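The values are calculated or read from the model by the stated rules, or taken from the named source; none is laboratory data. Fair warning: this is a prediction, and the values are worked out from it, not measured in the lab. A quick note on method: Cβ atoms are made from the backbone with ideal geometry, for glycine too, and the neighbour counts reach across all protein chains shown. The area values use the complete protein model at the heavy-atom level, side chains included, leaving out ligands, DNA and RNA. Shrake-Rupley method; radii C 1.70, N 1.55, O 1.52, S 1.80 Å.
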Amino acid sequence: DAGQPLRIAEGAIDLAGTRMVMNPYDEAALEAALKFKDADASTEVVAVTVGGPAAADVLRTALAAGVQRAVHVVTDAVVSPLLVAQALREVAASESPDLVLLGRQTTDWSSAQVGPMLAALLGMPQVTEASSLRIQGRTIVAEHKVDNGIEAVEADLPCVVSADLRLGTLRFANLAA
């Protein structure tokens, strides 16, 4: 939670007792996935997080928003972009997704590395900073911002897409469901 003060212990950030929340870029990716599910009931949305036990809060948010399943890759290691990409590669290998949606970047380190690393590890095409998405058959059609405006790109499925904030705002949890 970027709104919490940081604690430093022994020269490093101390995350003990820190509340973990989904970052806005991942929220945009999750909303896009949920919209695909809304349009096609056969679509299954699986949320994944990597981290210590506190990261389970992120999955609770995703489940409350409407995902069908959640996977928590538990680790006590320092969570780096490469560690996350490697963990997501293992989950993708067992799930065989048609589409992997994730946030463009994190709000803690702003690295914007996980999506490209994951695409490389999986040998899948990628679309970065997607601000709109639609599926046409076995192709994803996306728009993303470039220096001189908006560019439309297409990629064959399966592929990895990193979401820009313009992709959507996560819906409120459905407490009645």
Practice prompt. Could you please give the count of residues in region 144-168 that are out of contact with any Asp or Glu (no Cβ under 6 Å at 6 or more places or on another chain) and on the phi > 0 side of the Ramachandran plot?
Written response: 1
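Identify, from the list 101, 121, the residue that is under 26 Å from residue 73 (Cβ atoms) and out of contact with any strand residue (DSSP E or B) (no Cβ under 9 Å at 6 or more places or on another chain). Outline the logic, then answer.
On the way: 101 fails: out of contact with any strand residue (DSSP E or B) (no Cβ under 9 Å at 6 or more places or on another chain).
Of the residues listed, the single one that is under 26 Å from residue 73 (Cβ atoms) and out of contact with any strand residue (DSSP E or B) (no Cβ under 9 Å at 6 or more places or on another chain) is 121.
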Worksheet entry | Subset tally (residues that are β-branched (Val, Ile, Thr) and either open to solvent by 70 Å² or more (accessible area, probe 1.4 Å) or in contact with a His (Cβ under 6 Å, 6 or more places away or on another chain) (or both)) for region 92-112 | 1
Item to complete: Return the residue satisfying two criteria in turn: it lies in region 140-153 and is closer than 15 Å to residue 101 by Cα and free of Cβ contacts under 8 Å to residues at least 24 places away in the same chain, and of such residues it is surrounded by the fewest Cβ atoms within 10 Å (Cβ to Cβ).
Response: 141
Worksheet, complete the sentence: Of the conditions (1) open to solvent by 50 Å² or more (accessible area, probe 1.4 Å); (2) under 24 Å from residue 128 (Cβ atoms); (3) hydroxyl-bearing (Ser, Thr, Tyr), the single one that residue 25 does not satisfy is (1)
Practice prompt. Return the total of residues in region 105-118 being at pLDDT 95 or above and either under 12 Å from residue 160 (Cβ atoms) or of a type in the set (A, V, I, L, M, F, W, C) (or both).
Written response: 5
Practice prompt. Report, by residue number, each residue of region 97-139 that is in contact (Cβ under 8 Å) with a residue 24 or more places away in the chain, among the hydroxyl-bearing types (Ser, Thr, Tyr) and closer than 22 Å to residue 50 by Cα.
Written response: 106, 107, 111, 128
